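**Q** Dropping the structure in here first, questions after.
The values are calculated or read from the model by the stated rules, or taken from the named source; none is laboratory data. Since the model is a prediction, treat every value here as computed from it, not as a measurement. A quick note on method: Cβ atoms are made from the backbone with ideal geometry, for glycine too, and the neighbour counts reach across all protein chains shown.
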Amino acid sequence: MNNSDYSLPEAISTALANGTNIVRAFREQFGYSVEDLAVACGLTSLEIETIESGQNSDPGKLERIAHALGLPSNAMTIEESKRLSA
């Protein structure tokens with residue numbers, strides 16, 4: 001699958017529409033705790049919590065999270081891109 005062909009799953013789109021941060025939406029969809037995701041992507045729990053609170057959107061960290069979840073590298077920025085182009 002090409003990164004540009006990736007679209008968000010319906011459950012993720014619904015969570016985003018309800019105001020859930022995209023990282024948290026994916027993390028919960030995959031059944032990860034904050035600690036589990038931190039270990040999987042090599043970040044700290046505090047870094048994950050900061051990203052989920054919207055205080056940090058470092059592209060490198062978002063790419064690491066996407067990779068840890070087996071998603072395309074741009075999966076965490078797709079929705080943001082859609083909002084910016086709307």
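**Q** So which residues in region 57-86 are surrounded by 14 or more Cβ atoms within 10 Å (Cβ to Cβ), at pLDDT 85 or above and either among the β-branched types (V, I, T) or not in a helix (DSSP H, G or I) (or both)?
**A** Within region 57-86, S57, I65, L69, L71, P72, S73, N74, A75, M76 meet the criteria.
**Q** Going by what's in this entry, would I12 be described as surrounded by 15 or more Cβ atoms within 10 Å (Cβ to Cβ), part of a helix (DSSP H, G or I) and at pLDDT below 95?
**A** In short, yes.
**Q** Of everything in region 22-56, what is part of a helix (DSSP H, G or I) and exposed (fewer than 13 other Cβ atoms within 10 Å of the Cβ)? Give them in sequence order.
**A** E35, L46
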